[in-house]
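A short write-up of the structure that comes next.
The values are calculated or read from the model by the stated rules, or taken from the named source; none is laboratory data. Since this is a predicted model, take the numbers as computed values, not measurements. Heads up, the Cβs are rebuilt from the backbone with ideal geometry, glycines too, and the neighbour counts pull from every protein chain shown. Note: accessible area is taken over every heavy atom of the protein model, side chains too, but ligands, DNA and RNA are not part of it. Shrake-Rupley method; radii C 1.70, N 1.55, O 1.52, S 1.80 Å.
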Amino acid sequence: MRRARVAWPHLVRGLRSISHQGATAEAPAGAERIGAGIGRISNLVLDRGEGSWLYTTDGEKYLDFSTGIGVTNLGHCHPRVTEAVREQLGKLWHAQVNIAFHGPMLELTKKLEKVMPKGLDSFLFVTTGSEAVEAAVKLARHATKKPNVIVFQGGYHGRTLLTMSMTSSGTKYRAGYGPHASGVFVAPHPFFALHSVPSQPDHAQWAVEQLEIMLQQQTAASETAAVVLEPVLGEGGYVPPAPGLLQGIRDFCDRHNLLFIADEVQSGFGRTGRMFAVDHSNVSPDILVFAKGVASGFPLAGIASRRALTAAQPPGSQGGTYAGNAIACAAANATLDVMMAPNFMETVAARGEHLRKGLEDLRARYPEVIQEVRGPGLMIGLEFHQVPKGFAQQMVKACLARGLILLPTGIFETLRIIPPLIVSKEECDAGISIFKDALEVRNNLSTT
């Protein structure tokens, strides 16, 4: 279904004509019954979504460049996914994975094998990204008979005890919840160690040298099961890998008989303009972790690996009550059908280039505020500099007040810009225009 195109100036005028109270509205009735540990950027009460747009119960309309933190990659309520879910609803809701197979899951394994990096032909389904990361570590430990894992500074891997212990993108995810899980060692990431220097190939060499030092000082190769990395850091600041980093890690793991686990929870399923971020480097991990965009918002996650690794696990050692839910798998099948269509990924890459160019134009215009625009495809980070602490959060609120939903990320005053993969050029231009207006008003910048 093709959506009618609307000129972006009209989109912006339409948003400006609507009062947006999301940044200042009081919490709705019932909010007091939700645990305080949940953080959110607004008090919006969402009613429905369509494509790149969200609508509230108060009749407000928002351009969604957050996609539920990179989940609704095909936009809200994509018609192909909606149809597949409705059809499955009339057949079977819950077919527990430890009891029987079901059709949507078996169909999904065929489709996933077609799009996975070379050699990944065995799948385990769970419900959340955190579960999937834990399943990957369990597989790595069982297959290698070694206890430790190496993760990278700035990585985010989840909120369970183990995955929280593996996370170093921010102390807010860990503080007060210790003691943390043992067997986790954190390697320095070149982005943070060399933050003031633009990313270069020798940064990858430096990172691998640090890994070699870790094996001599902290965790011996004989005790290390795997290296775990987000190919593009998510909560760590939307940081793409230094040139050669993924291949360097692959070679390092091969030298020392370690497994390479790629955490593609946020970067997978088209977000970077390729099906997976590792595809840009032609690198195949031993285990790939996926979630978020796989099922367009339905709870589904999993790992892909080699049968030689997964076949050794005893029955019953993996699983979960809702693992591979039939409705979620039906949604995933429809999602992949759309993403595997000819020219889909090329269009995503082109839309990312268009959006980055607009943001780069703003950086060139206001270099005293915008330091860098980075990231592949539609996984874009925009980092500010020479601004007060909390500036990115203030920009999120300023854009929200104008009808645009963005999210902050990382520790260096950075915004992540993650529109749906089906976003139009006109919607990209509208988002840039709203961001520009919020930036200029917030900073009293010249508009000439």
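Values for this structure:
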{"item": "Cβ charges +1 (Lys, Arg) and -1 (Asp, Glu), total dipole of the chain, debye", "result": "520"}
{"item": "Charged-residue dipole, Cβ positions (Lys, Arg, Asp, Glu), region 278-430 about Cα centre, Debye nearest 20", "result": "300"}
{"item": "The chain, relative contact order in percent, only Cα pairs under 8 angstrom and at least six apart counted", "result": "24"}
{"item": "Extreme residue, positive dipole direction of region 269-414, given options A349, G273, T414 (C-beta unit charges)", "result": "T414"}
{"item": "Estimated dipole of region 376-448 in Debye, rounded to 20 [Cβ of Lys and Arg +1, of Asp and Glu -1, Cα centre]", "result": "200"}
{"item": "Kirkwood hydrodynamic radius over Cα pairs of region 241-379, then Stokes diffusion coefficient at 25 °C and 0.890 mPa s, in µm²/s", "result": "141"}
{"item": "Set of aspartates and glutamates near K146 by C-alpha distance (under 14 Å), chain-local residues within fewer than 8 positions excluded", "result": "E223"}
{"item": "Extended-chain gain in nm, criterion 0.36 nm per residue less alpha-carbon gap, A175 and Y55", "result": "39.7 nm"}
{"item": "Length gained when the stretch Q218-A100 is fully extended (0.36 nm per residue, less Cα-Cα span)", "result": "38.1 nm"}
{"item": "Per-peptide average of other Cβ atoms within 10 Å, ordering 252-258, 92-98, 368-374 highest first", "result": "368-374, 252-258, 92-98"}
{"item": "Approximate spin-label separation R86-R255, in nm, with each point projected 7 Å along Cα-to-Cβ", "result": "5.7"}
{"item": "Where a label projected 7 Å from the Cα of K425 along Cα→Cβ would reach, residues of region 359-392 with amide N under 19 Å", "result": "359-362, 377-378"}
{"item": "Formal net charge of residues neighbouring P117 (Cβ-Cβ distance under 12 Å; K, R +1; D, E -1)", "result": "0"}
{"item": "Simple spin-label estimate for K145 and E353 in nanometres, 7 Å along Cα-Cβ", "result": "5.1"}
{"item": "Rounded to 5, the percent of DSSP beta bridges in the chain classed as antiparallel", "result": "65"}
{"item": "For the chain: accessible area per residue (Å², 1.4 Å)", "result": "44"}
{"item": "Positive-pole candidate from P104, W206, I34, dipole of the chain, charges at beta carbon", "result": "P104"}
{"item": "Span-like helix ranges in the chain, DSSP H, alpha carbon extent 24 angstrom or more, Kyte mean at least -1.0", "result": "201-217, 344-365, 425-443"}
{"item": "Protection proxy ranking of 292-302, 315-325, 218-228 - average other beta-carbon atoms within 10 Å, highest first", "result": "292-302, 218-228, 315-325"}
{"item": "Those aspartates and glutamates that a straight Cα-Cα span of less than 19 Å connects to K397, excepting residues fewer than 8 apart in one chain", "result": "E26, D58, E60, D64, E235, E383, E413, D437, E440"}
{"item": "Fraction of accessible area attributable to carbon and sulfur, region 29-117 (%, probe 1.4 Å)", "result": "55"}
{"item": "Label assignment, Cα Rg over 2.2 N^0.38 Å derived from the structure, set [x] 1.04; [y] 0.97; [z] 1.27", "result": "[y]"}
{"item": "Rounded percent of accessible protein surface that carbon and sulfur make up, region 188-283, 1.4 Å probe", "result": "47"}
{"item": "Rounded Å value of the spacing that divides the Cα centres of region 264-320 and region 101-162", "result": "5"}
{"item": "28 Å Cα-Cα threshold exceeded, pairs from K61/K114; K111/K138; K111/K357", "result": "K61/K114; K111/K357"}
{"item": "Computed E for T321/Q393 - FRET, C-beta separation, R0 25 angstrom, nearest 0.05", "result": "0.10"}
{"item": "Difference of contour (0.36 nm per residue) and Cα-Cα distance, I34 to A311", "result": "95.5 nm"}
